[in-house]
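The block underneath contains the structure these notes are about, expressed in structure tokens.
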Amino acid sequence: MSIRSTPYVQDAATGKRVTRWWLAYPLVFIGLVFIVQFGLMGAFELILHPAAGSPEAQWLEIPANLIPTILIIAWVVLYERRHVKTLGFRRPGRGVLLLLLGIPVGALMISIPILFLWATGSYRLIDPPTGAISGSTAVLLVLALALTHVVQGGNEEILIRGFLMQNSGLQMPGWLAVILPALLFTLMHGVLTKPIGFTTIMGYAIFAAFIVLWQNSLWLIIGIHGGWNWAEGNVWGVQVDGINVQSTALIFLEPTEAAPIWLTGGGFGPEGGVAGALALIIFALIAYLLYRGSSRRAQSQAGLTAPRVEQA
């Protein structure tokens, strides 16, 4: 599989220089994620003491994720000397609509395994935690908090599927340019010792890669990523990747005592269970088929438009 010739990857070659892969990976994971993003989140906790899972804690994720995004955009513009739109943001008018469409799509995707677990008795509806906001009184705040998830998910997509996968696609075999950023994205979520969780997060990362290659942009996947986490934490009130349950949600669900952890994910959330893993494997396969179909159509159109050479 080669992705070097795709318009999305070729955009990384439109500047004066391309960041070498051996610099790009530590720049993102050590510099921007662990030092800048995690450092800001730790500083906010030490200085402002927001309650875990509170709206205040969620709002603070905006600057903690927005600053790494700004820094990578500055790197692309000032060092690589290419336009910010080449980072996956061509056609912004259509793109914003795709981003907005992606939010309900992502919400629907995570709702499938959650509703399955609830319908089969593996999840149950519980009373809101002490001090939580839920039900009709939470609707406006829940809608507003979607912004925090779009910014957080957008940061990860710009860093991983944007900057890293683009640069990797120019310098590596296609399969490695997809798998390596996906693998590091998965490890970043702390699932090395959780085989099912590892499978789920890796499945999402591969799904996201092929959605980006299918669309030749980041717009749709940013909406999907944000909508997935938003619905999981602020609509259904379950844990997101092992993080504390949000204190603002329309309803609150939790695994029943009789349900096996391998199915529900237990304290990690639905991504840690087989229901979530199977859903992501299916979604990843669909994304690959969409990408393969569009790639074949592009190759066919290129063949039709190629000039014919008359034989003597």
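The values are calculated or read from the model by the stated rules, or taken from the named source; none is laboratory data. It should be emphasised that the depicted structure is a prediction, and the values quoted were computed from it without experimental measurement. Virtual Cβ from ideal backbone geometry, glycine too; neighbours counted across all protein chains shown. The area values use the complete protein model at the heavy-atom level, side chains included, leaving out ligands, DNA and RNA. Shrake-Rupley method; radii C 1.70, N 1.55, O 1.52, S 1.80 Å.
Please name whichever of 29, 130, 215 sits farthest to the positive end of the charge dipole of the chain, dipole taken about the Cα centre and charges placed at Cβ: Lys and Arg +1, Asp and Glu -1.
The listed residue farthest towards the positive side: 215.
In square angstrom, what is the accessible area per residue of the chain with a 1.4 angstrom probe?
Details: 14790 Å² over 312 residues.
Roughly 47 Å² per residue, with all protein chains present.
Going by a ≥ b ≥ c, the root eigenvalues of the Cα gyration tensor, does the stretch 34-115 fall in the rounded group (a/c under 1.5), the prolate group (a/b larger than b/c) or the oblate group? Mind showing how you got there, number by number?
Details: a/c = 2.81, a/b = 1.09, b/c = 2.57.
Note, shape of the stretch 34-115 comes out oblate.
Residue by residue through the stretch 135-145, what is 3J(HN,Hα) from phi via Karplus (6.51 cos²θ - 1.76 cosθ + 1.60, θ = phi - 60°)? Round to whole Hz and write x for glycine and proline.
x, 5, 5, 9, 4, 5, 5, 4, 4, 5, 5
Determine ³J(HN,Hα), in whole Hz, for all residues of the stretch 254-266 in sequence, where each value follows from phi through the Karplus function 6.51 cos²θ - 1.76 cosθ + 1.60 and θ = phi - 60°; x replaces Gly and Pro.
My calculation for the stretch 254-266 gives 8, x, 6, 5, 7, 6, x, 4, 4, 8, 8, x, x Hz in order.
What percentage of the solvent-accessible surface of the chain, computed with a 1.4 Å probe over protein heavy atoms, is contributed by carbon and sulfur atoms?
Numbers: 10170 of 14790 Å².
Accessible surface attributable to carbon and sulfur in the chain totals 69 percent.
Nearest 10 degrees, 0 to 90: what angle lies between the long axis of helix 38-48 and the longest principal axis of the chain (Cα atoms)?
Here the helix axis deviates by roughly 30 degrees.
Okay, helix-only estimate at 222 nm for the chain: each DSSP H run of n ≥ 4 adds -39500 (n - 2.57), divide by all residues, round to 500 deg cm²/dmol; what do you get?
Values: 13 runs with 181 residues, N = 312.
Helix contribution divided over all residues of the chain: -18500 deg cm²/dmol.
Please give the helix 195-215 orientation as an angle from the longest Cα principal axis of the chain, in degrees from 0 to 90, rounded to the nearest 10.
40 degrees
Can you tell me the relative contact order of the stretch 174-312? Whole percent, Cα pairs under 8 Å, sequence separation 6 or more. Walk me through the numbers on the way to the answer.
Details: 161 pairs, mean separation 36.5, N = 139.
It comes to 26 percent, rounded to a whole number.
Please compute the contact order of the chain in relative form: average sequence separation of alpha-carbon pairs under 8 Å and at least six residues apart, divided by the residue count, as a percent.
Working: 477 pairs, mean separation 81.4, N = 312.
With pairs under 8 Å counted, the relative contact order is 26 percent.
Arranged from highest to lowest average of other beta-carbon atoms within 10 Å per residue, in what order do the peptides 241-251, 118-128 appear?
Details: 241-251: 19.8, 118-128: 14.1.
Result, highest mean Cβ count within 10 Å first: 241-251, 118-128.
If I stretch the segment between residue 183 and residue 297 completely, what's the gain in nm (0.36 nm per residue apart, minus their alpha carbon distance), one decimal?
38.1 nm
Could you list which residues have their amide H under 5 Å from that of residue 254, counting only those 5 or more apart in sequence or on another chain, with H placed in the peptide plane?
Hits under the 5 Å cutoff: 124, 126.
Which cross-chain or sequence-distant (5 or more) residues have an amide H under 5 Å from the amide H of residue 133, H modelled 1.01 Å from N in plane?
Those lying under 5 Å, H to H, from residue 133 are 248, 249.
Place +1 on the Cβ of every Lys and Arg and -1 on the Cβ of every Asp and Glu in the chain, take the dipole about the Cα centre, and give the residue among 44, 252, 290 whose Cα lies farthest towards its positive end.
290
Using only Cα atoms, tell me the angle between helix 92-119 and the longest principal axis of the chain; keep it within 0 to 90° and round to the nearest 10.
40 degrees
Looking at the square roots a ≥ b ≥ c of the eigenvalues of the Cα gyration tensor of the chain, which shape do they give, rounded for a/c under 1.5, prolate if a/b is larger than b/c, or oblate? Write down the numbers at each step before the final one.
Details: a/c = 2.05, a/b = 1.55, b/c = 1.32.
It is prolate, given that a/c is not under 1.5 and a/b is the larger ratio.
For the stretch 174-228, rounded, prolate or oblate, judged on the Cα gyration tensor with a ≥ b ≥ c (square roots of eigenvalues), a/c < 1.5 rounded, else prolate if a/b > b/c? Mind showing how you got there, number by number?
Numbers: a/c = 2.61, a/b = 1.46, b/c = 1.79.
Oblate, because a/c is 1.5 or more while a/b does not exceed b/c.
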